[in-house]
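Read-outs throughout are calculated quantities, based only on the coordinates presented, and are distinct from any laboratory measurement. None of these values were measured; they are calculated from a predicted model. Cβ atoms come from the backbone with ideal geometry, glycine included; neighbour counts cover every protein chain shown.
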2 protein chains.
Amino acid sequence: MGQADYIAPMTTAKNSTVIRILGVDSALRCTGFGLIDTDGQQYRAVDCGVIRTSPKEPMSECLRRLAGGVRELAEGYAPDVVALEGGFFFKNAKTAMVLGMARGAVVAALTELRLPIYEYAPRRVKQAVCGYGNAGKEQVALLVAQILKIPVADVKDDATDALALAICHAQTRFTVQGLRLPDPL
Amino acid sequence: MGQADYIAPMTTAKNSTVIRILGVDSALRCTGFGLIDTDGQQYRAVDCGVIRTSPKEPMSECLRRLAGGVRELAEGYAPDVVALEGGFFFKNAKTAMVLGMARGAVVAALTELRLPIYEYAPRRVKQAVCGYGNAGKEQVALLVAQILKIPVADVKDDATDALALAICHAQTRFTVQGLRLPDPL
């Protein structure tokens, strides 16, 4: 996100009514993350980016890096809760297995830090951010930037969904006192 | 395995030509493990058992327990290498995703301890232990007991495959100087 003034240092959210949400869009090669602070009214971008792994490295090393990466983020930024992409369907069982391994590494690492994890399906995230479930990637980026009051160029491609996940959780959490909140994973 | 005399304390293999292998047959609900010491000639059972999780607990807690369980085993018994069940195919993508998450939690935890992990398909394991790939579960248990020189009743049902995995890795590792060894995961 560069060095713009909306980037918070590695601290927790200061106000007790403000929660810090870590959105994670996990995959083996490219796991997007997005951190926001919000009280349900105001949204503030804290950080966003990508944990990348190389196809040249063995699978086990990629999973180690992924687990270590999200653990570092969680320890550094101390989020209150995690929003994870989930609830999708696959035709291909092999793809599902590989994505499952990435998700398992991420979920185990974050749960060891006692972080509650909520899953949101892509459609629901788009619905929350854009108002309808079939919104395109550019549209999601545009709305994410608008909600967070940052230039759309600062919403990194691979982190767009992660930031949208965090916003989706915030909207679910603060709407009708979280009555529509799903069970944690 | 009870308190029989072939159970080693929580130590490393003493002889430098002897390697300690941890076999892991991972699944969300019931992950079998089996530890053996071997120099390629003699096999000794060190421990075997199961890491169980409850269907009443959330998925995230099961994955945390799984990662914590294999980490504890690896730290306590200090194996040199891990043999993991792999190379299977699924028709059902949802089953593949759940099993993938369990495997991801296990692989990330063990790789963080710098343990090399080798995958073996069920057919190859049966081939190594029984001499043919279509052997039944009882037959595998019988041969595992025979190789480890322990009563077959001591080969716990859910740990049979894990012990067989460890034996399969040993046979692959010590045969023709490991020329048939697959790439680590």
Query raised in the report: If the label for residue A:88 sits 7 angstrom from Cα along the Cα-to-Cβ line, what are its distances to the same label in every other copy, in nm to one decimal, shortest first?
Result: 2.4
**Report entry** Virtual paramagnetic centre 7 Å along Cα→Cβ of residue A:89, amide N under 19 Å, in the stretch A:122-141
**Finding:** A:122-127, A:133-135
Query raised in the report: If contacts are Cα pairs under 8 angstrom and at least 6 residues apart, what is the relative contact order of chain A in percent?
Result: 27
Report summary line: Residue-normalised 222 nm signal for chain A, counting each DSSP H run of n ≥ 4 as -39,500 (n - 2.57), nearest 500 deg cm²/dmol, is -13500 deg cm²/dmol
Query raised in the report: Which angle between 0 and 90 degrees, to the nearest 10, do you get for helix B:93-112 versus the longest principal axis of chain B when only C-alpha atoms count?
Result: 60
Requested in this report: Give, rounded to the nearest 20 debye, the magnitude of the charge dipole that the protein assembly as shown has about its Cα centre when Lys and Arg contribute +1 at Cβ and Asp and Glu contribute -1 at Cβ.
Outcome: 720
Requested in this report: Can you figure out the FRET efficiency of residue B:114 with residue A:137, using R₀ = 41 Å and their beta-carbon distance, to the nearest 0.05?
Outcome: 0.60
Report summary line: Charge dipole of the stretch A:118-185 built from unit charges on the beta carbon (Lys, Arg +1; Asp, Glu -1), centred at mean Cα; most positive-end Cα among A:144, A:159, A:133 is A:133
Requested in this report: Arrange the peptides B:43-53, A:53-63, B:162-172 so that the one whose residues have, on average, the most other Cβ atoms within 10 Å appears first.
Outcome: B:162-172, B:43-53, A:53-63
Requested in this report: Could you work out how far helix B:160-174 tilts from the main Cα principal axis of chain B, as a 0 to 90 degree angle to the nearest 10?
Outcome: 50
Report task. Any of A:137/B:94; B:126/B:149; B:94/B:126; B:56/B:91 with alpha carbons more than 20 Å apart? Name them for me. Result -> A:137/B:94; B:94/B:126; B:56/B:91
Report summary line: Honestly chain B on the Cα gyration tensor test (a ≥ b ≥ c root eigenvalues; a/c under 1.5 rounded, otherwise a/b vs b/c for prolate or oblate) is just rounded
